[in-house]
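Taken together, the values in this text are just the output of simple stated rules run on the coordinates, not laboratory data. Note that the structure is a prediction, hence the values are computed from the model and not measured. Virtual Cβ from ideal backbone geometry, glycine too; neighbours counted across all protein chains shown.
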């Protein structure tokens, strides 16, 4: 009788114990995957919701932790500043990536945020795309991961764009890969590798880019269902080589003189996201990422929405179609991760480098306040004002990206107080139509602003790289030299982006508290109990850290 009772206990208790053990999440994820999309407005998640796949973006939203109020906390919300903030947990005032490029007074040259002549392109010896993270003034989450386990974690990034891949990864990573538009292959920098791994060479031999560019880009769904977008033929688009309506014969559009192929066309189509996803999966498999107890990290940048937004605008059918096709790529990637690593072993975060605004012409045609700031005219009038006030001279070195760089050497030689000179420029500029706020370098260096517009400007200001004058345009306004979708003015349509966590220990939850994108890197660091990136300013979000 006692023996039978013992067997009954064994029968019920041990399966229960094993089942309970299987439900206990792993101590830490085996693989972290960051998905960063270019120019993806927060409302895109819901605008096209009814058309998304059940297991793509809707899977992230239905099974993940959705942060509905995630923002960038600085003024000039350009793509590279966004990548750097995601990876470092810092604002541009600390990580130093104030824009895609900036003026350097000592050399009298414009400097790109990731170009570095000390290194070579690995995979195409003739390429001028030489990049490193040397100008990124903080460590990244990927760097800290490599340091924590002394180089053992595998840390990779992939993008169509080289600077995106570099900024999202960091200094110590195993490879920052990007798409080379000269050859239609993926390459990297000698800052990371001396030769391409065999699996990358094998991937390139398959000529996926040619395969995608042999296709015709048509709408994924019937044209009549694209009711959230403008008519296909409208006056607010630039198009691909001037073509602004579906279908797009990519083979014809990408074929140039001599029968050669212009691989840059791929960047302006949703197929750019296809090939990035293909490469990301190949990287995970061939590098055996997530297959041991030391966590690995892969950052994936989908940039088609950014390029399409520039060419067609955020209200175009092309943009809607790009979002629907991105959703399919997300589904494919999540299906793969669930099967290859396991949902309980992979931690995914999904966000965007920045948001976007509608073209000013569209806004004014609809009756909304908006306009275009004529950069050339403003430059001419400002120079005339300064010549009349201080005498003839080359007082302005550069006027772009909502910043003005002054000729400090000339000002010093003329024995003019720099703070007074800056103040005069600011006072003149604020009178222009479309200008909302102006700040001087002297203000941003010697004052501490805790909130409001000036705090955002200060978070964007890095003394060695920012201009003497920074200015904000009014909502809906953009510089005439800007693309037709982003104006970097720090308003919510540019700072408000999606942020979702999915997978390892993440329960379904909606968070309404305001969260900074700078919180991502320190939150990931605390998940793994490793050091925060060196310049980290973000606050690990309690609402995210309270896991199951």
Using packing as a proxy for protection, rank 118-131, 526-539, 302-315, 440-453 so that the peptide with the highest average count of other Cβ atoms within 10 Å comes first.
302-315, 526-539, 118-131, 440-453
Taking a ≥ b ≥ c as the square roots of the eigenvalues of the Cα gyration tensor of region 407-462, is the shape rounded (a/c under 1.5), prolate (a/b larger than b/c) or oblate?
oblate
Global geometry of region 178-238, whether rounded, prolate or oblate, following the gyration tensor of its Cα atoms and the 1.5 cut on a/c
prolate
How tilted is helix 375-390 with respect to the longest principal axis of the chain? Cα atoms for both, answer in degrees (0 to 90, nearest 10).
50
Equivalent-ellipsoid semi-axes (√(5λ), Cα gyration tensor) for the chain, whole Å, largest first?
42, 28, 24
Taking 292-298, 333-339 and ranking on average Cβ neighbours within 10 Å, highest first, one gets 292-298, 333-339
Using just the helices of the chain, give the 222 nm mean residue ellipticity in deg cm²/dmol: DSSP H runs with n ≥ 4 each add -39,500 (n - 2.57), and the total is spread over all residues, rounded to 500.
-10500 deg cm²/dmol
If packing is taken as the mean number of other Cβ atoms within 10 Å per residue, what is the order of 418-426, 235-243, highest first?
418-426, 235-243
Assign one of three labels to region 371-474, namely rounded, prolate or oblate, based on the Cα gyration tensor with a ≥ b ≥ c the square roots of its eigenvalues; rounded applies when a/c is under 1.5, prolate when it is not and a/b is larger than b/c, and oblate otherwise.
oblate
To the nearest 10 degrees, the tilt of helix 418-429 (Cα long axis) against the first principal axis of the alpha carbons of the chain is 90
What's the angle, to the nearest 10 degrees (0 to 90), between helix 2-23's Cα axis and the longest principal axis of the chain?
20
Tally the DSSP beta bridges in the chain and give the antiparallel ones as a percent, rounded to 5.
55
